[in-house]
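*Asks:* Provided herewith is a single structure, encoded as structure tokens, for subsequent inquiry.
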Amino acid sequence: MLALTACTGKIGGAVLQAILQHALIPPQKLVVCTSSTPTDARWNSLRALGITIRQSNYEDPDSMLVAFTGCTKLFLVSTPRIELDFHNAQVGRERHHMNAIQAARRAGVEHIYYTSLAFGSESLASVMLAHLRTEAFLKRLTDVKITIIREGLYNESWPLYLGYYNLNNDVRTEIVTAGDGLISWTAIADLGLATALVIADPSTTYTGRTLYLSGSRAQSLRDIATIISKIKKGDIHVKTVSRDEYVEFYTTMGRDRGSVEWWSTTYVALEENECNISDTTLQDLLLSKGVKQKPIEETIKEMLGA
């Protein structure tokens, strides 16, 4: 049995969809863990397939113990509670991850697949800190098998990197960022399929490994601005400023200071080329199912309604 977390989220939902679409694991062997009410009507279609729905909450280890009981594998998606990391927290989101990992061990789970991010192993980005702490904890364990999946930066997340770009009515011609660098953008659906194939693999190929699942072509934020310019038939360019200037610029526009400060360190990592990943694992996995990677140009066009 496989327990899956965050199935209503982006990567969790994509993984579940890929498992079902490609018949990688029988529905009767899937347990979807949710913080919402398991009897909610939203789960009716999955229940009709034979999927088990169980209540599970990162803040409630006992609920996770019950949810994971009888499962041999756990697909653990990182908690979305990013505010736990703000203000240089000594203990951030990894607290939720530790709760889930400890509950899985108590429940007798044999293999944990953890979704990390495709930044460097000594990353300068605050967004990566909780992931690295979780990875380090997992690597110290001897009673469970682990696979760490560093998921590529989503195609669909370019607005966040490009100065919180507003898809509906952004009229800026100058986008302020705190840095730039090449990013191996990767579509969420592609990540979902590749990740599902890793989880469903019956061999020991991925046991004990840290995998990078990233697109094979890297593009900078300036490249993204150029693509948007062509779509919107206007000149959009990137202006790089210091981190302090970036924080002041976006907080005066009404954004939460703690969030902006936390996010601003991402650009330091981009400048250090952390997100320019040279790894064919994703490409190889997709090709095994006859699927080609989705280019970010296509994603941008769809998101802008072009």
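The values are calculated or read from the model by the stated rules, or taken from the named source; none is laboratory data. Small disclaimer: the values here were computed from a predicted structure and weren't measured. All Cβ positions, even for glycine, are placed from backbone atoms using ideal geometry, and neighbour counts span all protein chains on display.
*Asks:* Looking for something under 20 Å from LYS10 (Cβ atoms), within 21 Å of the chain's Cα centre (by Cα) and surrounded by 17 or more Cβ atoms within 10 Å (Cβ to Cβ) - is there at least one such residue anywhere in segment 47-54?
*Replies:* No; the residues of segment 47-54 include none that is under 20 Å from LYS10 (Cβ atoms), within 21 Å of the chain's Cα centre (by Cα) and surrounded by 17 or more Cβ atoms within 10 Å (Cβ to Cβ).
*Asks:* Among the residues of segment 273-292, which ones are touching a residue at least 40 places away in the same chain (Cβ under 8 Å), part of a loop (DSSP other than H, G, I, E, B) and under 18 Å from ILE19 (Cα atoms)?
*Replies:* Passing the criteria: SER288, LYS289, VAL291.
*Asks:* Given (1) in contact (Cβ under 8 Å) with a residue 12 or more places away in the chain; (2) of a type outside the set (Lys, Arg); (3) not in a loop (DSSP other than H, G, I, E, B), identify the lone condition not met by SER157.
*Replies:* (1)
*Asks:* If GLN293 satisfies all but one of (1) surrounded by 15 or more Cβ atoms within 10 Å (Cβ to Cβ); (2) within 29 Å of ASP85 (Cα to Cα), what's the number of the condition it fails?
*Replies:* With respect to (1) surrounded by 15 or more Cβ atoms within 10 Å (Cβ to Cβ); (2) within 29 Å of ASP85 (Cα to Cα), GLN293 is out only on (2).
*Asks:* Here is a further query. Only residues that are part of a loop (DSSP other than H, G, I, E, B) and within 14 Å of THR281 (Cα to Cα): list them for segment 202-221, please.
*Replies:* Matches in segment 202-221: THR205, TYR206, ARG209, SER214, GLY215, SER216, ARG217.
*Asks:* Name the single residue, out of those in segment 6-42 being small (Gly, Ala, Ser) and in contact with a helix residue (DSSP H, G or I) (Cβ under 8 Å, 6 or more places away or on another chain), that is farthest from ASP201 (Cα to Cα).
*Replies:* Selected residue: SER36.
*Asks:* For segment 222-244, name all the residues that are of a type in the set (Val, Ile, Thr), assigned to a loop (DSSP other than H, G, I, E, B) and under 19 Å from THR266 (Cα atoms).
*Replies:* VAL241
*Asks:* Right, here's the next one. All but one of (1) surrounded by 15 or more Cβ atoms within 10 Å (Cβ to Cβ); (2) over 18 Å from SER126 (Cα atoms); (3) aliphatic (A, V, I, L, M) hold for VAL247, so report the exception by its number.
*Replies:* If we test VAL247 against (1) surrounded by 15 or more Cβ atoms within 10 Å (Cβ to Cβ); (2) over 18 Å from SER126 (Cα atoms); (3) aliphatic (A, V, I, L, M), just (2) comes out false.
*Asks:* Going through segment 93-105 one residue at a time, which ones are surrounded by fewer than 22 Cβ atoms within 10 Å (Cβ to Cβ) and either without any contact (Cβ under 8 Å) to a residue 12 or more places away in the chain or among the small types (Gly, Ala, Ser) (or both)?
*Replies:* Residue satisfying the conditions is ARG95 alone.
*Asks:* Restricting to segment 78-92, name every residue that is at positive phi and either surrounded by 14 or more Cβ atoms within 10 Å (Cβ to Cβ) or not in a loop (DSSP other than H, G, I, E, B) (or both).
*Replies:* none
*Asks:* Go through (1) modelled with pLDDT of 95 or more; (2) part of a loop (DSSP other than H, G, I, E, B) and name the single condition ILE148 misses.
*Replies:* (2)
*Asks:* Look through segment 134-154, keep the residues that are of a type in the set (A, V, I, L, M, F, W, C) and in contact (Cβ under 8 Å) with a residue 24 or more places away in the chain, and return whichever of them is surrounded by the most Cβ atoms within 10 Å (Cβ to Cβ).
*Replies:* Ranking the qualifying residues of segment 134-154, first place goes to ILE149.
*Asks:* Hey, another quick one. For ARG81, indicate whether it is in contact with a His (Cβ under 8 Å, 6 or more places away or on another chain) and either touching a residue at least 60 places away in the same chain (Cβ under 8 Å) or within 16 Å of THR5 (Cα to Cα) (or both).
*Replies:* Yes, satisfied.
*Asks:* Which of the residues that make up segment 106-126 are surrounded by fewer than 17 Cβ atoms within 10 Å (Cβ to Cβ) and assigned to a helix (DSSP H, G or I)?
*Replies:* ARG106
Here's the yes/no breakdown for (1) modelled with pLDDT of 95 or more; (2) of a type in the set (Asp, Glu); (3) over 22 Å from HIS131 (Cβ atoms):
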position: MET1; (1), (2), (3): yes, no, yes
position: LEU4; (1), (2), (3): yes, no, no
position: ILE25; (1), (2), (3): yes, no, yes
position: ASP40; (1), (2), (3): no, yes, yes
position: ARG54; (1), (2), (3): yes, no, yes
position: PHE75; (1), (2), (3): yes, no, no
position: ALA100; (1), (2), (3): yes, no, no
position: VAL109; (1), (2), (3): yes, no, no
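*Asks:* May I ask you to verify whether ASP235 is among the charged types (D, E, K, R) and crowded, with 16+ Cβ neighbours inside 10 Å?
*Replies:* no
*Asks:* What number of residues within segment 22-51 are in contact (Cβ under 8 Å) with a residue 40 or more places away in the chain and not aliphatic (A, V, I, L, M)?
*Replies:* 1
*Asks:* Do we find that PHE137 is aromatic (Phe, Trp, Tyr) and not in a strand (DSSP E or B) in this structure?
*Replies:* In short, yes.
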